[in-house]
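One structure is given below, encoded as structure tokens.
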Amino acid sequence: MSAIGSGVKEIRIHEENEYRVLYIAKFAEAVYVLHAFTKKTQQTRKEDLELAAQRYRQLASQRDVK
């Protein structure tokens with residue numbers, strides 16, 4: 001998920017529905033979940049990707065990370 005930010009990973013859960021969790025785990029003190037959502041179509045909604053990217057930028061600015 002480098003389109004969202006450096007180090008962002010995705011967990012895919014295949015059950016009755018499809019679930020996704022976007023997270024970043026490159027900091028020693030915590031794993032930060034950027035967004036979790038249910039996928040209802042083949043393509044990931046632009047809004048879900050934008051929300052995760054926004055949260056990544058907010059976290060990066062708080063930590064002064066590039």
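All of the numbers you see were taken from the coordinates with simple rules; none came from a lab. Treat the numbers as computed from the prediction; the structure is a model and nothing was measured.
Miscellaneous remarks
- Length-normalised contact order of the chain in % [C-alpha pairs under 8 Å, at least 6 apart]: 26
- Per-residue [θ]222 nm for the chain (sum of -39500 (n - 2.57) over DSSP H runs n ≥ 4, rounded to 500): -9000 deg cm²/dmol
- Cα-based Rg and Dmax for the chain, where Dmax is the largest Cα-Cα distance (Å): 12.2, 40
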